[in-house]
Amino acid sequence: MLYIKNMFYFDEINGKKVLKSDLLEGLTHFFTTRESVIYSKEPEMAELVESNRMMIKKFLEVDELVFPNQTHSANVAFAKVGELEYPETDALILDNQLQAIFLNFADCTPIILYDKKQHIAAVSHAGWRGTAQKIAPKTVEVMNSKPGDILAVIGPAISKCCYNVGDDVFNQLRETVDDFGGLYSNMDDLLFVDLKGINARQLREIGVDKIDVCPYCSSCDNDMFFSYRKENATTSRHSAVIRL
């Protein structure tokens, strides 16, 4: 498995910082940052969000920049031209060149999946609930892709250093992989889990062997990304954006 952290690099769109991975060469993709934010319910962010969305639509050369209504489900859907509403959907698959899609994150794990042979891609939203329901492997299945053809990039999310959970969540996550070694720690009687690592291992265990895992922690690196935990339930999000 490729677990190479230095494949991530920062780029800019109109002078605004975005994060990319060299593993996804051939797929237009990026993770937004605080500068390039395209989703927030905070009133003071409304003008910036609208401006950035227009900027990104122009950059991607699309009329439709769509995103689903995320509810921490394991529901997977295909994006369809002309369809803008995707209720209760936490993974969206893109197989057309007329749209761009994005999903939103603030501690949860963003996963971009790309099948070069089929030229099909997806974004999955894996908080602990989605991870417990194995949303990333389920997305690969719905894509009808061979796991060996998948390139997987796991983006900025809360890291093990900052993500402590209770026994119930810990036990649910532990049951999702055959080998849970190295994916948790116990410090001062608190359990910490590695959501990014758990999702990577779920993918590895179904045969996805090309995986790039982002080193950035949304809590530690809160100057670049949003953190629901650190920012007292902020509604602002960084996003995973793709276009074929």
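Throughout, read-outs are computed from the coordinates displayed, never taken from laboratory work. These numbers were taken from a predicted model, which means no experiment stands behind them. With ideal geometry, Cβ positions are generated from the backbone for all residues, glycine too; neighbour counts draw on all protein chains shown.
When you look at residue 164, is it farther than 30 Å from residue 98 by Cα and free of Cβ contacts under 8 Å to residues at least 12 places away in the same chain, yes or no? So residue 164 fails the test.
Condition check ((1) in contact (Cβ under 8 Å) with a residue 24 or more places away in the chain; (2) closer than 25 Å to residue 216 by Cβ; (3) part of a strand (DSSP E or B)) across all residues:
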position	(1), (2), (3)
23	yes, yes, no
30	yes, yes, yes
46	no, no, no
51	no, yes, no
70	yes, yes, no
101	yes, yes, yes
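Of the residues 96, 144, the single one that is farther than 20 Å from residue 56 by Cβ and among the polar types (S, T, N, Q) is 144. Is it the case that residue 226 is touching a His at 6+ places or on another chain (Cβ under 9 Å) and part of a loop (DSSP other than H, G, I, E, B)? Taking the combined requirement at face value, the residue satisfies it.
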